[in-house]
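Below is one structure, written out as structure tokens, with a few remarks after it.
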Amino acid sequence: MSERFWEMVREAAQDEADAVGFYRRMAEIAPCRAIAHSIEDIARDEMHHLNYFESLLCSRQERGRNPRDRRKRDTAHGRPLTIPTVPDPYPPIRVEGPNPEYARLLLDDYAGIVSEMTAINQYLFHHFDMPEELADVAHMLEEVAIVEMHHLEMLAELIKLLGQPPMYMDGQGLFWNATYVPYLPGCPCEQLESDIRAEQIAIETYRRHIELINDRYIREILARIIMDEELHLRLFNEAYEKYCSGGRHR
Ligand SMILES: [Fe+2]
Ligand SMILES: [Fe+2]
């Protein structure tokens, strides 16, 4: 495609971004809520157009780019964790070959209802919501969320290698949404119970996926993720025993 076309795509993206800002400012000073809602809808449409033009520009850059060398990390996102962690290193991220069926299975683990994406948001919300006297639990939840981010990243890389873009959707193509999070505000013990259940389901699902995925590299990675989830399950159970078993926080 010609250079002129790409210039126009860039112009279109800028125009859409300006329009989004314009409509948002307009909605803020609308004379009533009904008009504000309609203008916000228009802004959302413009946002979709903006996303489309930006994804075009992005796909053009992707084609010219060499595969990145991944840094080896012993810590999640370069930050040493203070919670106990599994000492075994993560296996290298690779696959035997592209496979859309395996990508669909991993998309469920990535951004389905019970998934790494949900776990990150669930534990972070529970971290934000923990009462001050449970500061150690709040801190643990934040660090566990960081480990889940690393799982999310590894799954994203696997899904890409299997031939799918790692968008925040499950294997059926349903986009992840914030209603998947069991918020339970003000109920730390119920939050911990739901965190325990999330880890139990994650372990079961990863085990099932290891049976269904006949790719030795992916199996090794999922088995290593399970080790982390088993440790999280233990940490959550310990926190529950410490604060909830005697009924103190119920
Ligand atoms: Fe995880
Ligand atoms: Fe976990």
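Every number in this text was worked out from the coordinates using simple rules, so none of it is lab data. Values in this document were obtained by computation on a predicted structure and should not be read as measured data. Note: ideal-geometry Cβ built from the backbone for every residue, glycine included; neighbour counts use all protein chains shown.
Mean residue ellipticity at 222 nm from the helices of the chain, using -39,500 (n - 2.57) per DSSP H segment of n ≥ 4 over the full residue count, to the nearest 500 deg cm²/dmol? Mind showing how you got there, number by number?
On the way: 7 runs with 163 residues, N = 250.
Computed mean residue ellipticity for the chain: -23000 deg cm²/dmol.
Between Lys160 and Asp136, the modelled labels are 4.0 nm apart [label points 7 Å from Cα along Cα→Cβ].
The three principal axes of the C-alpha atoms in the chain carry coordinate ranges of 63, 54, 32 Å, sorted with the longest axis first.
Build a GNM of the chain with springs between Cα atoms under 10 Å apart, and of Ala145, Ala27, Ala239 the one that fluctuates most is Ala27. Counting other Cβ atoms within 10 Å as a rough exposure proxy, the listed residues Trp6, Trp176 run Trp6, Trp176 from fewest neighbours to most. In terms of surrounding Cβ atoms within a 10 Å radius of their Cβ, Tyr52, Tyr90 rank from fewest to most as Tyr52, Tyr90. One equal scatterer on each Cα of the stretch 100-243, no solvent, Debye formula: the resulting log10 I(q)/I(0) at q = 0.18, 0.21 Å⁻¹ is -0.96, -1.24. For the stretch 46-55, backbone phi angles converted through the Karplus equation (6.51, -1.76, 1.60; θ = phi - 60°) give residue-by-residue couplings of 5, 4, 4, 4, 4, 4, 5, 5, 5, 5 Hz, Gly and Pro being listed as x.
Potential lengthening of the chain between Gln200 and Met47 amounts to 51.3 nm, from the contour at 0.36 nm per residue minus the alpha-carbon distance. Volume of the convex hull of the stretch 3-63 (Cα atoms only), normalised per residue: 60 Å³. Each Cα pair under 8 Å and six or more residues apart adds its separation to the average, and for the stretch 3-63 the resulting relative contact order is 44 percent.
May I ask you to derive the FRET efficiency for Ile113 and Arg219 from their Cβ-Cβ distance with R0 = 22 Å, giving the value to the nearest 0.05? Approximately 0.40, to the nearest 0.05.
Between Asp88 and Asp18, full extension at 0.36 nm per residue minus the direct alpha carbon distance yields a gain of 20.3 nm. Across the chain, the mean sequence separation of Cα contacts (distance under 8 Å, 6 or more residues apart), normalised by length, yields a relative contact order of 20 percent. Toward the positive end of the charge dipole of the stretch 100-243, with +1 on the Cβ of Lys and Arg and -1 on the Cβ of Asp and Glu, the farthest Cα among Met140, Leu124, Ile221 is that of Ile221.
Residue exposure proxy: His37, His49, ordered by other Cβ atoms within 10 angstrom of their Cβ from fewest to most, comes out as His37, His49. Legend: calculated FRET efficiency, Ala34 to Tyr183, from the Cβ-Cβ distance at R0 = 25 Å, rounded to 0.05, equals 0.30.
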